[in-house]
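The values are calculated or read from the model by the stated rules, or taken from the named source; none is laboratory data. This structure is a prediction, so every number in the text was calculated from the model and none was measured. Positions of Cβ are backbone-derived with ideal geometry, glycine not excepted, and every protein chain shown enters the neighbour counts.
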Amino acid sequence: MLRPDTFALTALLAFLTSFGPLSVDLYLPSMPAIAAALAAPPSHVQLTISLYLIGFAIGQIVYGPVSDRVGRKPIIIMSFALYCFATLICFFSTSIAVLIAGRFLQALGVSGSIVVVRAVVRDMYEGARAGRQLSAMGMLMGFAPILAPLSGGVLQTAFGWRAGFVFLIVLGALAGVLAWRYLPETHRVGAAPPLSGLWRNYRRVATHPVFLANLAVGAVAYGGLFAWIAGSSFVLQFTFGFSPLVYAVAYATSCLGFVAGSTLATRFVLRLGLDRTAGFGALACAMAGAGMLIGAAGLFPEATLIGSMAFYLLGLGLLQSQTVAAALTPFPDDAGTASALIGFAQQCAGAIVGTTVGALVGTSVWPMSGAAAITGGGALILWIATRRVRLGKTRIS
């Protein structure tokens, strides 16, 4: 078993959490091809992302508190078994309805790994150390949305859209084996209240003012990512004429921002603290949202849009791990439950933004850019408005 404070454990945890972005981003270059192959309009293809996010949110609500009761490791292994089965359904789908169902089930599976890994970090660390560990994982995980669309673009060009699902099945099986072989059990089974008190546990976590304040800032900022996920494939390929592979390179370039932001967070969070590091991230998201509007207005649109989103993701890399760590800090025995609520809120925010942009995008840049501006600006406003609550100087009335 791997020990805490080792690079090997950090790398394994990052790999286990990478399946969230991996399962979405590998798929993006193929969305126009899937629409053509399954005779589905773009709005229906977009549902394969929106329903994925909803499944992801629902799964976390279930897995989190169960892991508080039965342990972290069994949930992670079971989640990857379900993920591989669902991905097989996606591979064999012959209609958009079957593909949507497979994606929903796929999300129900892999969501267990994401929510439980955050709880594993809370089991081992707290405060700024937890934020630093999550940022280090984010730095490594940030390569997933860089490599995934590039791999997806190559697979789409060489073998067609089904090849990506074969790739995900192989990776999912590998993740399950690695978790079984090397991941330690970090939770003392039986420390959490019984599952019969699930609603009471959720209510206690969800009404904690520090938790709510950090959750709001992180979820709103996270929604902006899905404006880019939902809109960029159609905007850059249909409006600006990018090929699937060129689009994949552009998308991967934007994701370098998240790696940069997470790297900066690992360097500065112990010095600045969770809240100030998150504040710099919120400021970057707001500035990037303004840049997205400038790109939509036609000023060097391709470069401005890609560059602005890279800066937005830099801000998200600074902000996300810190708000998660701060939200988990008050709940050492219920980290799974708290992590589940964080994941649920993030995925709901992503689903709302992604579905709205997907329904409106067509070949227009404005829905995508406007959504990023709203979420980036909203995150900064919320960070300013709730700072006294997060620092424990007042309470939410």
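Taking the criterion of being free of Cβ contacts under 8 Å to residues at least 60 places away in the same chain and either within 19 Å of Gly231 (Cα to Cα) or not in a helix (DSSP H, G or I) (or both), the residues of the range 272-299 that qualify are Gly291, Ile294, Ala297, Gly298, Leu299. Checking the structure you have, find out if any residue of the range 153-173 is closer than 30 Å to Gly273 by Cβ, surrounded by 16 or more Cβ atoms within 10 Å (Cβ to Cβ) and at pLDDT below 90. Checking the range 153-173: not a single residue is closer than 30 Å to Gly273 by Cβ, surrounded by 16 or more Cβ atoms within 10 Å (Cβ to Cβ) and at pLDDT below 90. A Cβ distance below 7 Å, combined with a sequence gap of six or more or placement on separate chains, defines the contacts here; from the range 64-92, residues that are within 30 Å of Leu38 (Cβ to Cβ) and touching a residue at least 40 places away in the same chain (Cβ under 8 Å) reach residues that are crowded, with 17+ Cβ neighbours inside 10 Å and polar (S, T, N, Q) in the pairs Phe80/Ser113; Tyr83/Gln106; Thr87/Gln106; Cys90/Gln106. Against the condition in contact with a Lys or Arg (Cβ under 8 Å, 6 or more places away or on another chain) and more than 17 Å from Gly223 (Cβ to Cβ), how does Phe331 come out, does it pass? Answer is yes for this residue. In the range 237-288, the residue that is farthest from Trp383 (Cα to Cα) out of those that are surrounded by 22 or more Cβ atoms within 10 Å (Cβ to Cβ) and among the polar types (S, T, N, Q) is Ser254. Counting only helices (runs of 4 or more DSSP H) that sit completely within the range 140-255, those holding 2 or more residues that are more than 23 Å from the chain's Cα centre (by Cα) correspond to 144-159, 163-182, 198-206. The set of residues from the range 25-42 being over 20 Å from Met368 (Cβ atoms) and without any contact (Cβ under 8 Å) to a residue 60 or more places away in the chain comprises Ala36, Ala39, Ala40. Screening the candidates Ser113, Ser43, Ser79, Ser23 for the property of being closer than 18 Å to Gly354 by Cβ and either within 18 Å of the chain's Cα centre (by Cα) or among the acidic types (Asp, Glu) (or both) yields one hit, Ser23.
With respect to (1) within 18 Å of Phe344 (Cβ to Cβ); (2) crowded, with 24+ Cβ neighbours inside 10 Å; (3) in contact (Cβ under 8 Å) with a residue 40 or more places away in the chain, the lone exception for Val45 is condition (1).
Considering (1) surrounded by fewer than 24 Cβ atoms within 10 Å (Cβ to Cβ); (2) under 21 Å from Ser321 (Cβ atoms); (3) not hydroxyl-bearing (Ser, Thr, Tyr), the lone condition that Val121 does not fulfil carries the number (1).
Taking each residue of the range 101-127 that is on the phi > 0 side of the Ramachandran plot and looking for partners that are surrounded by 23 or more Cβ atoms within 10 Å (Cβ to Cβ) and in a helix (DSSP H, G or I) with beta-carbon atoms closer than 8 Å, six or more apart or interchain, yields Gly127/Leu274; Gly127/Ala325. Answer yes or no: is there a residue in the range 221-228 that is surrounded by fewer than 18 Cβ atoms within 10 Å (Cβ to Cβ) and at pLDDT 90 or above. No. Considering Gly281, Gly257, Gly298, Gly241, the condition of being under 30 Å from Ala35 (Cα atoms) and touching a Leu at 6+ places or on another chain (Cβ under 9 Å) is satisfied by Gly257 alone.
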